[in-house]
1. What tally of residues in region 40-71 results from selecting those that are assigned to a strand (DSSP E or B), within 11 Å of the chain's Cα centre (by Cα), farther than 13 Å from Tyr25 by Cβ and not β-branched (Val, Ile, Thr)?
2. Note down all Cβ pairs under 8 Å where the first residue falls in region 60-80 and is exposed (fewer than 10 other Cβ atoms within 10 Å of the Cβ) and hydrophobic (A, V, I, L, M, F, W, C), the second is assigned to a strand (DSSP E or B) and at pLDDT below 85, and they're at least six residues apart or on different chains.
Amino acid sequence: MNAELSWFKSSYSDSSGGACLEVAYTWRKSSHSNDSFNACVEVAACPHSIRIRDSKLGSRSPQLGLPAHAWAHFVAYAQS
């Protein structure tokens, strides 16, 4: 499992520096990814979405964000 944290500023923080809060989420490598780096996908659960990225690129990877309900439908479909 990849323990890299991805930090982002809370939407409740303001730009004056007085009320700043950052939160983090953990990237987890898919159990279907392999060690030869040919099929590496990581996911992270955020408060309102699921983030998906290519683990070969790490923090440089573009991310796809899906609503949690869309991810749940995808997982159910993939398991059937």
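1. So the answer is 3.
2. That search, which allows pairs on different chains as well, returns nothing.
The values are calculated or read from the model by the stated rules, or taken from the named source; none is laboratory data. Treat the numbers as computed from the prediction; the structure is a model and nothing was measured. Quick reminder, even Gly has a Cβ in these numbers, built from the backbone with ideal geometry, and neighbours come from all protein chains shown.
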